[in-house]
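Bear in mind that the values in this text are calculations on the coordinates, not laboratory data. The model shown is predicted, which means the values in this text are computed figures rather than measured ones. Ideal geometry is used to build each Cβ from the backbone, glycine not excepted, and the neighbour counts take in all protein chains shown.
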Amino acid sequence: MIYKYSLHRKPTKHVCPNCGKKRFVRYIDNENNQFLSNKVGRCDREQSCGYHYTPKHYFKDNKQDFKPILQNTTLKNNIQQKASFHKNEELELTLNNYEKNNFVKFLKLKFDHKNVYEMIKQYKIGTQSSKFYGTIFWQIDSENTIRGGKIINYDNSGKRTKYINWIHAVNIKQKKIENFNLEQCLFGLHLIKSSSKVIAIVESEKTACIMSMLFEKYLWMATGSLNGLNEKKLKPIKHRTIILYPDLGIDIGNRTPFLQWKQKSEALNKLGFNIKVSDLLEQKSNHDDRKSGLDIADYFIESFNKKPTKIITKENEILMNIYMKNKNIKTLIEVFDLTNLNGSEINF
């Protein structure tokens, strides 16, 4: 089935008519390769903006007939294309310039340098060789095939800037290649053969990297976006136990990230998956946290910096008093495997 209108996902995005940010993806008419309207599209800031004006609503508002399917029309590239891949040599050339990589510099302020570089080696984090020195999150599948390289620029505080691109898009622009058929996989998927841990999935690659250093009990992966959770991406880990950690977000029509991933997980479980959705952030968050789109790494970095090094007493009564003063203590004990002085497990 060929749809007449589709989101025109290219690196260059447009200004959102709702929030004014340059994160707007417009719908294109596949028959004439023209944009439908400068207001018809979807803002990529799903939780802080949520603007989505579909072709169907556009035609309804303008009292025109809506025809979603192309009839008797042959599209270019209609034949199913094979996925394109990057060469390993291309990845290897990016494994440097970490002293100029803002994401790596931010991590080194928060974590032991040895742990940071072990994580970089594990996830094969790269640095773009340009004046911006953007961070490259390579998507490598379970067969160690390099499917794509996502470039994200960060500022000195570790916050993501507006610049997001792909290595293949840069290569096309520089005329190194003519085309590239991107078929994404989970970020971190290449690690499944070397680990039998429970798999924890988050939205952003940055969060997966940070959590891999904070909570080593899980094998951390990322979908790359809120809408990146789907059966095709999860198929290689269908036989594994999976826990989802969605970001926080404002409630737009009862469609928070938690509710969206909860709904998707229920559908996937009916297909044979074993997926649970963590409500940790839902329980711990406030309105400001939701508005800012807090993720699990934001929550634990703050807790990590405050976590106690030792639990001195074994007395349950005293522990309960500590817990009543700071209810995050129980979470920290569970997540960081804290013990008492005798090395025994702490129970409430």
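Numbers at a glance
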quantity	calculated
Built amide H within the under 5 Å cut-off of D29, gap 5+	Q34, F35, L36
Cut-off under 5 Å, modelled amide H: who pairs with G149 long-range	Q139, I167, H168
Linear extension gain, I172 paired with I243, 0.36 nm per residue minus alpha-carbon span	21.9 nm
Extension gain (nm, one decimal) between E216 and Q263, 0.36 nm per residue minus Cα-Cα	14.2 nm
A83/D288 FRET efficiency (R0 30 Å; Cβ-Cβ; nearest 0.05)	0.15
Estimated FRET transfer efficiency when R0 is 22 angstrom, pair K276-S142 (beta carbons, to 0.05)	0.50
Mean separation of Cα contacts under 8 Å, 6 or more apart, over the residue count of the range 126-167: relative contact order %	29 percent
Point-to-point label distance, K121-E92, nm (Cα→Cβ direction, 7 Å offset)	1.7 nm
FRET efficiency, 1/(1 + (r/R0)^6) with R0 45 Å, evaluated for E302 and N181 via beta carbons	0.65
